[in-house]
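Trainee: Dumping the structure here so I can ask a few things about it.
The values are calculated or read from the model by the stated rules, or taken from the named source; none is laboratory data. Please read all numbers here as calculations on a predicted model, not as lab measurements. Here the Cβ positions follow ideal geometry from the backbone for every residue, glycine too, while neighbour counts run over all protein chains shown.
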């Protein structure tokens, strides 16, 4: 009997070659959403993905940076900027040529570039610095030693000293390339960096870190990043922790909390995102190329379904309609299948054909709650499917708690129509039953 050979997914190199060898797939790369392109680059490895990075648009690159340049030291903590990662991106972008590098740097948020340069290079106005220290002293000697770095260059009135020697060559080459075509842009960046660097020079002439302005700059850059990512459905760890703390307290359950309001306000104000399927057609390219690339990435395990099927493919059933009309009243206990014992899901099944827009809104709220559980986790981050299951379990506990003893399906639907999923979640999160159902453990302090 012939044995069946197991089909192995393509190696990163094979996957990259398959894309680059077909012009239609190369064109489709430019239409991928940034998270999908980021997943592809991660699979290939940034150091080997120069051809892919050279295809990225300015919008894609901004999304890639939002995703890749920030990391939290531990799950649930705030993400911090990683300048060494920015320097590596500079090296990879150079593979696309100086023109590509300059265009992309100029298109990035100026504060982001300034923060990156400042973290990699100490920019000092030497004339101003020496004028501030006039008398020979021990402090002056310490200052001279501090400024006597092995890696530095002069640019007009500024001295640029390497703060990260490993990436000095790439950073200096990028600044020189920027100077040739955009002298004013480079001056603006270096002047801001110099202003930040003056805080390293104390009143005693020593060189030490006073990070007030630098922290403010990073906070501003992080805030702009969070605003951009909020329009795409992401939530910051600090906001996720804040929401979960409000839920734990069990206060003001009758109205939506400020964090959730701000999140959906940002989502509503976001510009419509052009789908990867429709974008190539407008440019005269076959939409099949994008579809084919997405299928290739799915087959290679780079990406998967964006949303679990149990919510996007909920069937429409007649149970609630019959119950409301008084005929064939369906009791919850008659739903024998395990997956049909979740009252919330049954209510969603019936809500979908009756009020599809409201159904979509509740689904969006459930995915928001899943993102909250992922971003706010202090231990192992749940996978998206796990987080969604946990969100459903907690919301279901909140729904049952709000219904009390009478848990008829018709009443559940009416309550779901009137109550956002995030408010049901807060009711359930404050209930130990919701924690047990979701596998989250018990809240630190429960509410009534």
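Trainee: Go through segment 158-168 and count every residue that is touching a strand residue (DSSP E or B) at 6+ places or on another chain (Cβ under 9 Å), modelled with pLDDT of 90 or more and outside any strand (DSSP E or B).
Mentor: Number of matching residues: 1.
Trainee: Would you point out which residue out of 73, 77 is touching a strand residue (DSSP E or B) at 6+ places or on another chain (Cβ under 8 Å) and not in a helix (DSSP H, G or I)?
Mentor: 73
Here's the yes/no breakdown for (1) modelled with pLDDT under 90; (2) not in a helix (DSSP H, G or I):
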residue: 315; (1), (2): yes, yes
residue: 324; (1), (2): yes, no
residue: 327; (1), (2): yes, yes
residue: 336; (1), (2): yes, yes
residue: 351; (1), (2): no, no
residue: 358; (1), (2): no, no
residue: 362; (1), (2): no, no
residue: 366; (1), (2): no, no
residue: 390; (1), (2): no, no
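Trainee: Within the bounds of segment 92-104, is there any residue that is at pLDDT below 95, assigned to a helix (DSSP H, G or I) and under 30 Å from residue 376 (Cβ atoms)?
Mentor: No, segment 92-104 contains no residue that is at pLDDT below 95, assigned to a helix (DSSP H, G or I) and under 30 Å from residue 376 (Cβ atoms).
Trainee: Let me ask something else. One residue is enough: does segment 115-137 have a residue meeting the conditions under 20 Å from the mean Cα position of the chain (by Cα) and either at pLDDT 85 or above or more than 28 Å from residue 240 (Cβ to Cβ) (or both)?
Mentor: Yes: one or more hits.
Trainee: Pick from segment 52-62 the residues that are without any contact (Cβ under 8 Å) to a residue 40 or more places away in the chain and part of a helix (DSSP H, G or I): which of them is surrounded by the fewest Cβ atoms within 10 Å (Cβ to Cβ)?
Mentor: 59
Trainee: Continuing with the same structure: The conditions are (1) closer than 22 Å to residue 168 by Cα; (2) more than 23 Å from the chain's Cα centre (by Cα), and residue 27 fails exactly one of them. Which is it?
Mentor: Unmet for residue 27, out of (1) closer than 22 Å to residue 168 by Cα; (2) more than 23 Å from the chain's Cα centre (by Cα): (1).
Trainee: Which ones in segment 237-263 are part of a helix (DSSP H, G or I) and buried (at least 18 other Cβ atoms within 10 Å of the Cβ)?
Mentor: 237, 239, 240, 241, 243, 244, 246, 247, 259, 260, 263
Trainee: For segment 74-108, give me the residue count where each residue is surrounded by 17 or more Cβ atoms within 10 Å (Cβ to Cβ) and within 15 Å of the chain's Cα centre (by Cα).
Mentor: Of the residues in that region, 3 qualify.
Trainee: Please work out if residue 188 is modelled with pLDDT under 85, surrounded by fewer than 20 Cβ atoms within 10 Å (Cβ to Cβ) and over 16 Å from the mean Cα position of the chain (by Cα).
Mentor: Considered against the rule, which asks whether it is modelled with pLDDT under 85, surrounded by fewer than 20 Cβ atoms within 10 Å (Cβ to Cβ) and over 16 Å from the mean Cα position of the chain (by Cα), residue 188 comes out as no.
Trainee: Kindly establish whether residue 71 is in contact with a helix residue (DSSP H, G or I) (Cβ under 7 Å, 6 or more places away or on another chain), without any contact (Cβ under 8 Å) to a residue 40 or more places away in the chain and surrounded by fewer than 19 Cβ atoms within 10 Å (Cβ to Cβ).
Mentor: So residue 71 fails the test.
Trainee: If only one of 171, 201 is over 33 Å from the mean Cα position of the chain (by Cα) and either crowded, with 20+ Cβ neighbours inside 10 Å or at pLDDT 85 or above (or both), which one is it?
Mentor: Residue meeting the stated conditions: 201.
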